[in-house]
Structure formats: structure tokens, C-alpha cells
1. Over the stretch 71-230, calculate the relative contact order: mean separation of alpha carbon pairs under 8 Å at least 6 apart, over the residue count, as a percent.
2. Report Thr146's accessible area, 1.4 Å probe, all protein chains in place, as a number in Å² to the nearest 10.
3. If ligands, DNA and RNA are left out, what is the accessible area of Glu207 with a 1.4 Å probe, given in Å² to the nearest 10?
4. Might you work out the accessible area of Asp247 for me, using a 1.4 Å probe with all protein chains in place, and round it to the nearest 10 Å²?
5. Separation between the Arg154 and Asn128 pseudo-spin-labels, each 7 Å from Cα along Cα→Cβ, expressed in nm?
6. List the aspartates and glutamates whose alpha-carbon lies under 12 Å from that of Lys159, not counting same-chain residues fewer than 8 positions away?
7. Taking 0.36 nm per intervening residue step and subtracting the Cα-Cα distance, what contour gain separates Glu213 from Glu80 on full extension?
8. Sort 176-183, 159-166 for me by packing, meaning the mean count of neighbouring Cβ atoms within 10 Å per residue, highest on top.
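The values are calculated or read from the model by the stated rules, or taken from the named source; none is laboratory data. These numbers were taken from a predicted model, which means no experiment stands behind them. Every residue, glycine among them, receives a Cβ derived from its backbone with ideal geometry; neighbour counts consider all protein chains shown. Each accessible area value is taken on the protein alone, full model and side chains, heavy atoms only, with ligands, DNA and RNA left out. Shrake-Rupley method; radii C 1.70, N 1.55, O 1.52, S 1.80 Å.
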Amino acid sequence: MKRGYRLLGWALLLSGAPLACGSGDPSAANGATSGSGGGASAATTSSGGGGGAGGAGVTTTASNAGSGGAGAAPTGECAELVAGPIEPTRITDVFSGSEDFAFNGQGHIVAKQGPNLIRYEATGQTSNFASLPGTVLGLKYLPDGTLVAALPERGAVVKVLATGQVEAFVEGLSAPNGLSVDTDGNVWATETTGNRVVRLDPDANVEPIAGGEPEVSQPNGIVFDPARRVVFYTNASAGEIRRIDLDARGEEPGRPALVTTVASAVLDGLVLDSCGHLYVVDSKDRELYRVRLDAGGDAVGEPELLASFPTSVANAQFGSGPGFNRKTLYVGGVAGSIYAVALDIGGAPVPAPPAAP
């Protein structure tokens, strides 16, 4: 996809202007994938490019999300979401100790194997990337191609450069866990034992966004939604998904709203699709749920069980890069296996490195 189209897409998302549902991805005709094409000097975005996807992608904003909320009724693939249960396919079990994983957009999944981060290709080939001993939870790529990793035992979020060099970023956090990034290079993070949601800016400043029980209680997964200007996060043991309206914080600072609850679940990672719906992993029962949302970020109906897994799972990411289907949700966890769940819907645009390792 040309850089101009990517920047236009994000401009529309951030302004709230709807992208035409059913309009094609201009890169699809020649098979180009967003997030690829090393050498670009500016940040790009990706809703998951790559092999196996086939046709053009459809991207919508929150104005088309849901089926009973504000805004226009969903059309195209947003109106025909695949229902569960879906049988997951195990694609690899080469990882170990990886609660989270990241697509670099260049045909690799990056995750832990013992004390190291490794890169996995769809062909099955692996290569060492960096040494990162100890527990690693959240893993996400910044727009400049730097990987950020949450190290709860050290109370730190570190940067892993394209060379594999590990650099300090932010310290003094209380068990940082989930990570989400935006196009400005901010990192949105949860502190599980600190009961906080925070924003880490590119200069390593820490801004508390919300905190304190019961609204923020053992927060785990997190995803920043630029279309709605909200942050969604999970309260793990409470089985809750909550949201923080960033534009309303001046009126009622740090007062997160309850989106939905999954009974008896321990909720972990979160991810958004291109129609504005949430997907959440229940790490206790090894299940994946979809939560349909309206334009304001409220749940429409009850959470839908999409898939169950034979081994532990914690996080999910839409495919990105050659060899990985952008309309498939990949789910993994500390057991080391990565599963593919075919959804026929792509992920919401996320920052993608211009030249990942």
C-alpha cells in the first residue's frame, strides 16, 4: 500500500470520518502489504497485510460498528461476521514462555524461546533476534521498527532495536503487562499490581490514565482505539472489559466505564477488528470471545464464544506480512503454541514498522 493511502486512512480514523464500507484496499490489486517495503522514513499503518488473504480489505470506523448502536448499520463483511465455534489450527509450537507475540510485517512472528526472542517464518524457519531473559509479557512494534517489551519482574518496559540491542525505556512500574502503541509512538500499558493504566510517551514520561480498584483491578490486556479515542483494557480476575474515554477525562478523570463481563473468566489480551469489535482471550478456560461494539464503544449483546484451545493462550493478533493471513486471528500463550482462527475479517489499523528486522 502506498504511504499516502496509509496516512489518509489514519487521518480519517483520527478525525472520525467514516471510510466507505466495502471500498477496496488500493494495495490489493498488486498484492502489496501495508507495513512492508523497507526504507520508508515515516510511520506506516497496517490492518494486517500478507500472503493468503486474497482480496481487498474493508476498513470501517466505529460509525459502522455494531448492529444496534449509534451510526449506520453495518454493511459488507461487517454485516456478515463469521460465527463461532471455529476450530483453531495450530501453526507452530516453537515458542516457549511467550505470553504475547508480535508480527513485524515482514513475514515474521517475534516471540520468546527460552531466554531469547526469535523470529518465526510461515515456512517454519526460525532465527535468533535478541537476548531477553526473564519473564516477558506485552510485545508490540513502534512505528519506527523498535520492539517494546514489558518486563514485570524488573518493573520496566524496554526497547529492542532492529539490531537486537536491548535499551532501557521506562522503569519504576508495578508489573507492566499489556502494551498497545499508537502512531505518535506512545505506549499504552497496564500495571497489574499497581492497578493503573498509563501512557508512556516517546520521551519516557509516564502519564497515569486511570487507577484504583474496583475500576482498575489487576489490569491485563489493553488496546488503544484511535477511531473512538478510547482505551479498552481488561480487569483480569473480574472478567471485565472496561474503556476510558480520553476526550472526557477532563470532566470525570480516570472513571472507566464497564463494557462487558465474561462470567468466571480471567481475561487477558485484547485486539480490535476493522469493524470496531473487540476480541478477548480468557486465559483460564483457554477461550476466545468476540464482543460486538456500537459507535460509542458499548457492547451490543453478550460476548460470543469463538474458539477453544487445547493449550494455554493469552493474547491474539491479526496476521500481518508475507505468509500470514490478514483476515485470520492468531492466538498464543506461554505454552508456546500459536493457533490460527479464520475470521474473514481484518484487524483495525495498527502502527507498522517501515523496515522491521
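1. Contact order relative to length: 12 percent.
2. Around 10 Å² of this residue is reachable by solvent.
3. 60
4. 110
5. In this crude label model, Arg154 to Asn128 measures out at 1.8 nm.
6. Lys159 reaches Asp144, Glu167, Glu171.
7. Gain in length upon complete extension: 44.1 nm.
8. Ranking the peptides 176-183, 159-166 by packing returns 176-183, 159-166.
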